[in-house]
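Okay, so here's the structure we're looking at.
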Amino acid sequence: PHPVPYSLQTVGHNLYGIVGMVWGGEVHDHETISNRVKKVKNRTSPGNDQLHGFWLKYLSSLHKKMAEQFNELLQTGNISEWLTAGKTYLIQKDPAKGATPANYRPITCLPTMFKLLTGIIADRIPDYLEANNILPVEQKGNKWGSRGTKDQLLIDRMILENCK
C-alpha cells in the first residue's frame, strides 16, 4: 500500500469533524442518497471514478448500499484516496495570448461519488447553522432563499438612498 498523502488525511479528518457536529455522523438512509442524486448532473465530466451522474440515477437499487458505505466512511473518518483524488486540466483562456502560464485556468474533475457525499453534507449545514443560531442576522451567504452579495448590495443601496 502507498502512504496516504497528508492532504487526504486532512480531508478525512475535516469531513469527520463537520459531519459529527452537524448530525452525529450518518448519511442516514437510501432516501437521503436518492434525494441528493436527483440534483446530480447527468453528463458532467467525472473524476477518476469515471461515473456519470446518469448511472447514479438509473441504478437506484445501489442507493441503500451507498448509504451504508457513506455512513461507515463518515463514522470512521477513513476516506480512500480514490474518493478525493481529482484530475486537473489546464484550459487556455485566450489562444491569442499564447502559452504563458497566466493564460491557463485549472479545472479539476472530482469523482462523482465525492460530489455526492459532499453535496449531502452541504445540504445539511445551513439547517444546522440556522437551528443552532450560529449565523448573525446580517449574514446573507450560505442561507436558503438569500442571494448573498446581491441582497447586501440592495441593502447598501437603500441605506445610501435613505441618507441623502
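Each value in this text was obtained by applying a stated rule to the coordinates, not by laboratory testing. Note that this is a predicted model, so its numbers are computed, not measured. Cβ: placed from backbone, ideal geometry, glycine included. Neighbour counts: every protein chain shown.
Descriptive notes on the structure:
- About the centre of its Cα atoms, the range 46-103 shows a dipole size close to 240 debye [charges on the beta carbon of Lys, Arg (+1) and Asp, Glu (-1) only; nearest 20 debye].
- For a straight C-alpha distance cut-off of 14 angstrom, the aspartates and glutamates reachable from LYS65 (same-chain residues fewer than eight places away being disregarded) are GLU26, ASP29, GLU31.
- Partner lysines whose Cα lies under 16 Å from the Cα of LYS41, excluding those fewer than 8 positions away in the same chain, are identified as LYS57, LYS115.
- Note on GLU68/ILE134: beta-carbon distance plugged into 1/(1 + (r/R0)^6) with R0 of 30 Å gives a FRET efficiency of 0.50.
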